[in-house]
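The values are calculated or read from the model by the stated rules, or taken from the named source; none is laboratory data. Here the structure is a predicted model, which means the values were calculated and not measured. Quick reminder, even Gly has a Cβ in these numbers, built from the backbone with ideal geometry, and neighbours come from all protein chains shown. The area values use the complete protein model at the heavy-atom level, side chains included, leaving out ligands, DNA and RNA. Shrake-Rupley method; radii C 1.70, N 1.55, O 1.52, S 1.80 Å.
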Amino acid sequence: MAQVKIDCMYEPCPIPLLKAARELSSLELGDVVLIETDHSCAIANITEWAEKEKLDCWIEETRSGDWNIYIKKT
Amino acid sequence: MKENQEMGLLKKLYTVVFKNIWPLWVGGVILAALNTVYLLLLGRAWRITTGFTYWSAWVVQAFGGKPQEWSYFVETGRQTEVEQCFFSNDLSLVSFGVILGALLSVLLSGQFKIKKIKTTKQAIAALAGGIIMGYASRIALGCNIGAFFSAVPSLSLSGYVFGLFVVIGAWLGSKFLVKFLL
């Protein structure tokens, strides 16, 4: 049950999604990727992608305009 | 109790309108309606980069250049518009409005932030991308707004040709991005 953090601050779409997908493919079942982002579009496209891939995904707003996105490999 | 409920409702409304991302179709409908109004009021459809082109022409003019004599402005019939100013040209004003509107929307959502440059690679890519887009939008006589978004509803074939090549360009661009920027 490892958790890997990816720093995607200041990076525009689709880089956060691509980095998350790349990281996730090298992880084991049950592991979690944490994406730190300040790009609001990343929330929309990462959650959409996670839904399509049937992965658990949840978001927390760490402060106004910054988010932590979690994706669990299932 | 009732007051609390009302506050909760207001907060929810604020979140839906200003904080959450609007569904694509909402944005599409609003853009189509606004472009129709623009066409009705001003007799031509909306363009973005042409406004920016005038800004740079005016900068050149301020330094004593004569962009109105450049073949680009002569051949596209835009000499008279170059002789207008920031506040008297509609395309200039509407491009300014887009920037102002973006600022307003990010301020209303409370997400305004000055973003840092993360790596030199990111800076070079952004700068190179900007130059290529600016140059290309001039030789293509429009960007995705003028040459696509405004051309397609005008039933212009050029809009579809532009759209096809945008798809090819985006595909190539995404390959490049995955290879060099990730």
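Screening B:Val167 on (1) more than 27 Å from B:Val37 (Cβ to Cβ); (2) within 14 Å of chain A (Cβ to nearest Cβ) shows it passes everything except condition (2).
So, restricting to helices (runs of 4 or more DSSP H) that lie completely within segment B:1-90, which ones have at least 1 residues that are in contact with a Pro (Cβ under 8 Å, 6 or more places away or on another chain)? Break it down into steps so the answer makes sense when it comes.
Working: elements: B:2-14, B:24-42, B:49-62, B:71-75, B:79-82.
Helices (runs of 4 or more DSSP H) meeting the threshold: B:24-42, B:49-62, B:71-75, B:79-82.
Just to be sure, is B:Val26 within 30 Å of A:Ser64 (Cα to Cα) and at pLDDT 95 or above? In short, yes. Considering B:Ala102, B:Ala123, B:Ala170, the condition of being open to solvent by less than 70 Å² (accessible area, probe 1.4 Å), in a helix (DSSP H, G or I) and more than 28 Å from A:Glu23 (Cβ to Cβ) is satisfied by B:Ala102 alone. Starting from segment B:31-43, keep only residues that are free of Cβ contacts under 8 Å to residues at least 12 places away in the same chain, then list their pairs with residues that are open to solvent by less than 70 Å² (accessible area, probe 1.4 Å) and assigned to a helix (DSSP H, G or I) whose Cβ atoms are within a distance under 7 Å, requiring at least 6 positions of separation or different chains. Pairs found: none.
Per-residue answers, yes or no, for (1) assigned to a loop (DSSP other than H, G, I, E, B); (2) among the aliphatic types (A, V, I, L, M); (3) within 14 Å of another protein chain (Cβ to nearest Cβ); (4) touching a residue at least 24 places away in the same chain (Cβ under 8 Å):
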| residue | (1), (2), (3), (4) |
| --- | --- |
| A:Lys5 | no, no, no, yes |
| A:Ala20 | no, yes, yes, yes |
| A:Leu27 | yes, yes, no, yes |
| A:Cys41 | no, no, yes, yes |
| A:Ile46 | no, yes, yes, yes |
| A:Glu51 | no, no, no, no |
| A:Lys54 | yes, no, no, no |
